[in-house]
Amino acid sequence: MRVLVALLVVASVWGQDSIASKTEDMERRDGFIPFYWDAKQGKIWLELRDLSREFLYLESLPAGVGSNDIGLDRGQGGASYVVHFERSGPKVLLVAANEDYRASSADPAAQRAVAESFARSVLWGFEVGAESNGAVLVDATPFLLRDVHHVAAAVKNADKSTYSLDLSRSAVYGPVTKNFPKNTEMEVTLTFVGGPPGKYLSAVAPSPDAFTVRERHSFVELPGPGYEPRAFDPRAGYFFVDWRDVTAPLGEPMVKRYLERHRLQKKDPAAKVSEPVQPIVYYLDRGAPEPIRSALLEGARWWNQAFEAAGYKDAFRVELMPEDMDPMDIRYNVIQWVHRSTRGWSYGGTVADPRTGEIIKGQVTLGSLRARQDYLIAEALLAPYEAGKPVPPAMQEFVLARLRQLAAHEVGHTLGLSHNYAASTEDDASVMDYPHPKVELGADGGIDVSHAYRRGIGEWDKVAIDYGYHDFPVGTDRAAALNRILKNAFARNLYFLTDQDARPAGSVSPVAHLWDNGVNAVDELNRWMQVRDRAIARFGEKNIREGTPLATLEETLVPLYLSQRYQVEAASKLVGGVSYTYAMRGDGQMATKPVPPEEQRRALQALLATISPRALRLPERLLAILPPHPYGYPRTVESFEARTGMTFDPLGAAEAAADVSVEMLLNPQRAARLVEFHARDEKAPGLEEVIEALLRASWESGVTAGYEGEIRRTVDQVVLYRLMSLAANQQTSAQVRAVASWELGKLKTWLGTNYQGAHGEYGVAQIERFLKDPKEIPVVKPVTVPPGQPIGDVE
């Protein structure tokens, strides 16, 4: 017995000293979860004490690949989990709770039933290396040195290249493996080997055999008590967290949804205007140069206007990041300036508590090439390079105005706000819309961009901030007060429609569009075509700098020649379109209302005008100064695809532009609605009417001679391809396919009677081949349209 007691005493003494002994040659870094850096072995050891404490685990990509096409950008966020540690003998498990299924009931038995009914996820198992006084030491290095962000899978999916992690070329990245009071940040350098690389990776990786990124693991303290979740309302324009309350009483909804928003409270909730208990502060990356830096600061600060309207004084601030501040510290909201090899999206992301929706940190990522793309658009519009004269200041102001709006937009996302694509129809009521530059024709016929972008926050933005952040006095019926905020907005014709209503090519809303302008999409399309015509008529050498190869005029021409694409998309949605809102029972909003037949037909005529030879031709004087690209200046993805080899292909450009319109018009979902709506209202245009109007504007138009005749024949082939695609589409209705096939048969008959020559006979032959075997489309697919967004797509 004495021997056993002695052994226990020895073991106890050893246990108390074991962590100290194990780590005596290591560097300790205190913070949220203390850790030790073993420089000799290149290892990270975590010291764990309160194993049951829940916290947030995040993974991210702080140093990316640099290709927007692959999509692995610097600062990209990844998966997040509410986790805790569990000890089991010699192991410590990192366990992710199942936050999708919860119990609101306080009954322990009910909570246990829920917990045991749904799976948890054990994210990792750590081996205990030492322990003392209730604390354990575990080796985190294997947990860190893995491709948690799935970089290899992303490269394989986007670039068709096979790479795998090479641990011999991977290690802990010490410079930014840090500890802070509320978060622990551990970063690793990961090298992937394999190949051969695809075209995207080849453009950015120094070696084709390997590329290296950095991945980060973050342990973040969850917010403390005092935050009150706010119920989600689909009409208010917020992101949300949701979960299923499986203990909800019968008759009550099981799915619970909370707004994503920052914690913000008034010092005096009863006061009409009050300072906040703690303001929301954002810090701008010093890497943004002037004058861009000042523009970003100004645009991001617009949000204080909305918080002032919600009854706060100085509740929102944007400051330049102090030199001694670490952007990795979870306590700070940051606006990051990011460089890439190709232009790409900007983002507004958050770290949020998935239990409540409380935003812990806002992180904005702004792509630097956006400014250069906007400058290219300004070059196309303004032809600014007069010999011997300075570049007009309107060029720079055009870009800075766009960047102000961009900063406001992305910060808005980090305040919890979603896109509002209905705002452009009501005096640009939200910076959360995507704005196309407002360009006007001056009295002298010149191009005026002085009012290209709004300055300041929009009226809908004030409504949204008021809804999400209003601090009500004690005793207020909050549900009723929040509903009044929205009803007052509806009375001013301010409302919210978002990505699901605008992004699909076959979407139906006549007001929810990306990059559109104006109250009426048809009127704006007709107006924009006049602006475009004027800009193309004056397009020439003055659109590029002196000493620049003339062939590079093509890259400047692309965004101008295709500038109608966004308004075309907007106008096309009126054809077979339906006005609607996120109406709720009792709120008095309109549920649905089909676009009036006369407005649909007006939209159809405006769209057909965009594929006319007159709209698609380029001046002969311009074609005469567009040589093949010289040595060192190859064509890029930004160029028009050419069927003519090295020379500029004006018919290829016309083909691309025509396909933008025809593809939208013959969208399978739109076609199905045209069938349905005409059946319900014979005054509404049907699919037959739309197709026949399209054929009259192309094959049956009678334009046959010269350059315009060849453009028309090019458009004919685009129409034929898209009509065959519609007839062959197995995802649309049988009647749509029947009508499209019938119209093809009628066109074959018409061509056989009215059209002589190679083009007509070729059309007849291809239609006959298709009708015999609709699985094969014998017509050549239209050339690929050069990218247009961004300007922007998923911001």
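The values are calculated or read from the model by the stated rules, or taken from the named source; none is laboratory data. In this text the structure is predicted, and so the values were computed from the model without any measurement. Cβ atoms come from the backbone with ideal geometry, glycine included; neighbour counts cover every protein chain shown. Side chains are part of the model used for accessible areas, which takes the heavy atoms of the whole protein and leaves out ligands, DNA and RNA. Shrake-Rupley method; radii C 1.70, N 1.55, O 1.52, S 1.80 Å.
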Quick one: helix 393-414 against the long Cα principal axis of the chain, what's the angle to the nearest 10°, folded into 0 to 90? 50 degrees
So, with points 7 Å from each Cα along the Cβ direction, the residue 273-residue 323 label distance in nm works out to 3.7 nm
Would you be so kind as to identify which of 225, 698, 539 lies farthest towards the positive end of the dipole of the chain, taking Lys and Arg as +1 and Asp and Glu as -1 on Cβ and the Cα centre as origin? 698
How large is the dipole of segment 506-580 about the Cα centre if only Lys and Arg carry +1 and Asp and Glu carry -1, each at its Cβ, rounded to the nearest 20 debye? 100 debye
Let's see if you can work this out: charge +1 on each Lys and Arg Cβ, -1 on each Asp and Glu Cβ, no other charges. What is the dipole magnitude of segment 87-240 about its Cα centre, in debye to the nearest 20? 260 debye
Residue among 264, 687, 498 farthest towards the positive dipole end of the chain, charges placed on Cβ: 687
Calculate the FRET efficiency for residue 450 and residue 189 from the Cβ-Cβ distance with a Förster distance of 60 Å, rounded to the nearest 0.05. 0.80
When DSSP assigns beta bridges and you keep just the ones with both residues in the chain, what percent turn out antiparallel, to the nearest 5? 80 percent
Take the alpha carbon atoms of segment 548-595, find their center, do the same for segment 89-110, and report the distance between the two centers in whole angstrom. 46 Å
Helix-only [θ]222 nm of the chain, DSSP H runs n ≥ 4, -39500 (n - 2.57) each, per residue, nearest 500: -11000 deg cm²/dmol
Would you please put 690-701, 587-598, 279-290 in order of how densely packed they are, using the mean number of other Cβ atoms within 10 angstrom per residue and starting with the highest? 690-701, 279-290, 587-598
For residue 122, tell me the accessible area in Å² from a 1.4 Å probe, rounded to the nearest 10. 80 Å²
For segment 698-795, alpha-carbon Rg over 2.2 N^0.38 Å: 1.24
Heavy-atom accessible area of residue 209, protein chains in place, probe 1.4 angstrom, given in Å² to nearest 10, is 100 Å²
How compact is segment 325-401 by the rule of thumb for globular proteins, expressed as Cα Rg over 2.2 N^0.38 Å? 1.59
Each label point is 7 Å from the Cα along the Cα-to-Cβ direction; what then is the distance between the points at residue 21 and residue 592, in nm? 7.5 nm
As I understand it, the value is the acute angle between the Cα axis of helix 734-754 and the longest principal axis of the Cα atoms of the chain; what does it come to in degrees, rounded to 10? 30 degrees
Under a Cβ-Cβ cut-off of 10 Å, what is the net charge of the residues other than residue 656 that fall near it, where Lys and Arg count +1 and Asp and Glu count -1? -3
Beta bridges per DSSP with both ends in segment 268-382, % antiparallel, nearest 5: 30 percent
Averaging 1/r across every pair of distinct alpha carbons in segment 139-182 and inverting yields a Kirkwood hydrodynamic radius, in angstrom, of 12.6 Å
Tell me, rounded to the nearest percent, the portion of alpha carbon pairs in segment 672-719 spaced more than 17 Å apart. 45 percent
Answer rounded, prolate or oblate for segment 426-476, using the Cα gyration tensor with square roots of eigenvalues a ≥ b ≥ c: rounded when a/c is under 1.5, else prolate when a/b is larger than b/c, else oblate. prolate
Work out from phi, with θ = phi - 60° and the Karplus expression 6.51 cos²θ - 1.76 cosθ + 1.60, the ³J(HN,Hα) of each residue of segment 534-544, listed in order in whole Hz, and give x for Gly and Pro. 5, 5, 5, 4, 9, 6, x, 4, 6, 8, 10
Mind checking the dipole of the chain: about its Cα centre, +1 per Lys or Arg Cβ, -1 per Asp or Glu Cβ, Debye to the nearest 20? 540 debye
As an exercise, use a Förster radius of 25 Å and the Cβ-Cβ distance of residue 704 and residue 771 to find the FRET efficiency, rounded to the nearest 0.05. 0.50
Once every Cα of the chain carries one equal point scatterer and solvent is ignored, give the base-10 log of I(q)/I(0) from the Debye formula at q = 0.06, 0.08 Å⁻¹, two decimals. -0.47, -0.82
In Å², nearest 10: area of residue 641 left accessible to a 1.4 Å probe: 80 Å²
Using the Cα centre of segment 110-191 as origin and beta-carbon charges of +1 (Lys, Arg) and -1 (Asp, Glu), tell me which of 153, 176, 163 is placed farthest towards the positive end of the dipole. 153
Output ³J(HN,Hα) for segment 136-151: one whole-Hz value per residue in order, computed from phi by the Karplus curve 6.51 cos²θ - 1.76 cosθ + 1.60 with θ = phi - 60°, and x for Gly and Pro. 10, 10, 10, 7, 8, 4, x, 5, 7, 7, 8, 7, 5, 8, 6, 5
Hz values of 3J(HN,Hα) by residue in segment 610-626 - Karplus curve (6.51, -1.76, 1.60), Gly and Pro given as x: 6, 10, 6, x, 5, 6, 9, 6, 10, x, 4, 5, 6, 4, 6, 10, 10
What angle, in degrees between 0 and 90 and rounded to the nearest 10, separates the Cα long axis of helix 459-469 from the longest principal axis of the Cα atoms of the chain? 20 degrees
Whichever lysines have a C-alpha closer than 22 Å to that of residue 593, once near sequence neighbours (fewer than 8 apart) are set aside: 487, 573, 683
FRET efficiency for residue 254 and residue 730, using Cβ-Cβ distance with R0 set to 56 Å, rounded to 0.05: 0.95
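Expected output is a single nm value to one decimal: the length gained when fully extending between residue 789 and residue 480, i.e. 0.36 nm times separation in residues minus the C-alpha distance. What is it?
Between residue 789 and residue 480, full extension yields 107.2 nm more.
How large a share of the accessible area of the chain, in percent, is made up of carbon and sulfur atoms when the probe is 1.4 Å and the other protein chains stay in place? Don't jump to the answer; show the numbers that get you there.
Numbers: 18180 of 34590 Å².
Result for the chain: 53 percent of the exposed heavy-atom area is carbon or sulfur.
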